[in-house]
1. Going by what's in this entry, would A184 be described as touching a strand residue (DSSP E or B) at 6+ places or on another chain (Cβ under 7 Å), among the hydrophobic types (A, V, I, L, M, F, W, C) and outside any helix (DSSP H, G or I)?
2. Could you list, in sequence order, the residues of the range 157-184 that are among the β-branched types (V, I, T) and more than 25 Å from I116 (Cα to Cα)?
3. Out of contact with any strand residue (DSSP E or B) (no Cβ under 8 Å at 6 or more places or on another chain) and surrounded by fewer than 21 Cβ atoms within 10 Å (Cβ to Cβ): is that true of D140 in this structure?
4. Taking into account only those residues within the range 45-96 that are surrounded by fewer than 17 Cβ atoms within 10 Å (Cβ to Cβ), among the charged types (D, E, K, R) and not in a loop (DSSP other than H, G, I, E, B), which is modelled with the lowest pLDDT?
5. Among the candidates V112, V120, V124, which residue alone is touching a Pro at 6+ places or on another chain (Cβ under 7 Å), surrounded by 16 or more Cβ atoms within 10 Å (Cβ to Cβ) and at pLDDT 90 or above?
Amino acid sequence: MRKLKEATIRNFSAFLIMALLLSPQIASSDERPSVMFMIAEQNIGQEIVVYWWGLFSSKLDIKAQRFDLSIGETILKEEFLNEGFDVIDISNVSDKITVSEAYKVSDLTRAVAIEIGKDVGADVVIKGKVLAKRGPTNTDSNVGTYMADITATAFQVKDGLVLGSGRANGVSRHISEVTGGSLAIEKASQKLARKMIEQINRKIGQ
């Protein structure tokens, strides 16, 4: 009986080892990188694209300034925080960031985004864009349809390696244009966050 018990334990241990070796490697919370988000956004009612790095200037002292993040960026941050990622709060590191006038544009290059990520000590930079618009209108109803599209790419700061990328969309119905656009952006951002979290976990777990 004792030999049978020992054999069973050995077989079970071997099974566990094989299962761990063959299963997809997912990064633990301790291994997950610090992430900086750079998401430009244009919601319904906004005439221009909004992005936090446009507020920076080498000529201004903006230490401890509070930044109103876009809805999409806020949702992405929440989703990544819920998964245990270390998300960088721009308002806490604003004294480390300098953005020249030439780079205060919504569509930054990968190289510039990575340089800003280095300034704040980020391991990963996720940059992208989200746009909300009004959908088909039913003239017999006060409730409108609103759609949002978001795209983003995650870069590893140390070598520029792409860790993940994707796009997602969201649809909402609401009597208010602004609220409807915001809800659509929220849904799209949640979808994209789930995709990118899975991609990044698998990449850094390799």
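The values are calculated or read from the model by the stated rules, or taken from the named source; none is laboratory data. On a predicted model such as this, the values are computed, not experimentally measured, just so you know. Heads up, the Cβs are rebuilt from the backbone with ideal geometry, glycines too, and the neighbour counts pull from every protein chain shown.
1. Details: touching a strand residue (DSSP E or B) at 6+ places or on another chain (Cβ under 7 Å): yes; among the hydrophobic types (A, V, I, L, M, F, W, C): yes; outside any helix (DSSP H, G or I): no.
So A184 does not fit the description; no.
2. First, pick out the residues of the range 157-184 that are among the β-branched types (V, I, T): 157, 162, 171, 175, 178-179.
Selection gives V171, I175, V178, T179.
3. Values: out of contact with any strand residue (DSSP E or B) (no Cβ under 8 Å at 6 or more places or on another chain): yes; surrounded by fewer than 21 Cβ atoms within 10 Å (Cβ to Cβ): yes.
Criteria met by D140.
4. Only one residue tops the list, namely D95.
5. Working: V112 fails: touching a Pro at 6+ places or on another chain (Cβ under 7 Å); V120 fails: touching a Pro at 6+ places or on another chain (Cβ under 7 Å).
The unique qualifying residue is V124.
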